[in-house]
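So the structure is just underneath, and the comments pick up after that.
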Amino acid sequence: MRGFIGILAVAYLFHHADAAVVFTGPSIGGTTPDFTGAASIAETSTAGDVLFSFTSTDEGSATYAFAADGNPGSVAVIDAKNVKLATSKSIDFETTTSLVFKITGTEGGAAVTLTVTLTITNRLEFAKTSYEVCVAEGTVAATVVGTYKVADAKGTDTVAYANAPATYLSVGPSTGELTVATGQTLTSATTGGYTTTITATATGTGASAVGTTSVKVTVGGCSGAGQIQFMAILLLIPLLITRLF
């Protein structure tokens, strides 16, 4: 019995001495420990967004970390088997169209490497992520309250615009022109103003990913600058009278 237990112990130690991570993804399967894969993502600046996930076989004690040259610009962090965008970082299509990551998996004293080429695609972006507009009391249907078009559409993109909610405001599907919706009048009686989200969607070869922006329309109280100028004139009157007399 003791001999049998000894054999089991030797077998266990032998098995774990040879233990090693085997990467199997992303993209395509692999049977060798060192593995090269590929992934794709639309540009992003939201911390915590998953850039790509990897798969592997291990015995539960494996650790994963970036190789010394495997995290360009320290743009990412590893969370379990997900590679996520790090805080205060961004991935910008206009800056680079691909990044190469190298992840080392270590188990049982054996280290293997996963190399992933991450292709970055364009996302339709407006000049701002949100806008605020002020209009006069009683602004009627068909009045234009601004034009909102993406600033970085590629030459192959055909961009269409839509908005929601569209009860009070309506965007031109091809122009990005935002107007007061048919049959509506904007008044200050609506608490909080009128807010809508405009979505830009592209079609075409290698079309860019969807982009959004929000527009808040406030009614009334739009003449603040004019009132300030008027007060300045009133303050100057005593000075003018002093100089005249």
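How many residues does segment 98-122 hold that are closer than 30 Å to V150 by Cα and of a type in the set (S, T, Y)? Lay out the reasoning, then the answer.
From segment 98-122, those closer than 30 Å to V150 by Cα are 98-100, 117-122; that's our starting set.
In the following step, the residues that additionally are of a type in the set (S, T, Y) were identified as 98, 117, 119, 121.
Total meeting the criteria: 4.
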Residue count, segment 184-222, condition over 17 Å from the mean Cα position of the chain (by Cα) and either in a strand (DSSP E or B) or closer than 16 Å to Y131 by Cβ (or both), comes to 14
By residue number, the members of segment 118-145 that are within 19 Å of the chain's Cα centre (by Cα), surrounded by fewer than 17 Cβ atoms within 10 Å (Cβ to Cβ) and farther than 21 Å from S27 by Cα are A127, K128, T129, S130
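Can you tell me which residues in segment 71-100 are touching a residue at least 40 places away in the same chain (Cβ under 8 Å) and either outside the structural domain of A38 (by TED's automatic domain parsing) or surrounded by 14 or more Cβ atoms within 10 Å (Cβ to Cβ) (or both)? Don't jump to the end; show me each part of the working.
To start, the set of residues in segment 71-100 that are touching a residue at least 40 places away in the same chain (Cβ under 8 Å) comprises 85, 87-94.
Those that are touching a residue at least 40 places away in the same chain (Cβ under 8 Å) and either outside the structural domain of A38 (by TED's automatic domain parsing) or surrounded by 14 or more Cβ atoms within 10 Å (Cβ to Cβ) (or both): L85, K89, S90, I91, D92, F93.
Are any residues in segment 126-161 in contact with a strand residue (DSSP E or B) (Cβ under 9 Å, 6 or more places away or on another chain), of a type in the set (G, A, S) and more than 17 Å from T179 (Cβ to Cβ), and if so, which ones? Give the derivation first.
Of the residues in segment 126-161, the ones in contact with a strand residue (DSSP E or B) (Cβ under 9 Å, 6 or more places away or on another chain) are 126-150, 152-154, 156-161.
Now restrict to residues that are of a type in the set (G, A, S): 127, 130, 136, 138, 141-142, 146, 153, 160.
Selection gives A127, S130, A153.
Just one of T32, T115 is more than 29 Å from D157 (Cα to Cα), more than 23 Å from the chain's Cα centre (by Cα) and part of a strand (DSSP E or B); which is it? Explain how you work it out, then say what you get.
Values: T32 fails: part of a strand (DSSP E or B).
Exactly one residue qualifies, and that residue is T115.
Strands (runs of 3 or more DSSP E) wholly in segment 128-183 with at least 1 residues that are in contact with a Gly (Cβ under 6 Å, 6 or more places away or on another chain) and hydrophobic (A, V, I, L, M, F, W, C) - which ones? So that I can check it myself, show each step before the final result.
On the way: elements: 130-135, 144-147, 158-164, 169-171, 177-180.
Fully inside segment 128-183 and qualifying: 130-135, 177-180.
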State whether the residues of segment 85-94 include one that is within 14 Å of V116 (Cα to Cα), of a type outside the set (D, E), within 20 Å of the chain's Cα centre (by Cα) and in a loop (DSSP other than H, G, I, E, B). no
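The values are calculated or read from the model by the stated rules, or taken from the named source; none is laboratory data. Computed from a predicted model, the values in this text were never measured in an experiment. Neighbour counts are summed over all protein chains in view; Cβ atoms, including those assigned to glycine, are modelled from backbone coordinates with ideal geometry.
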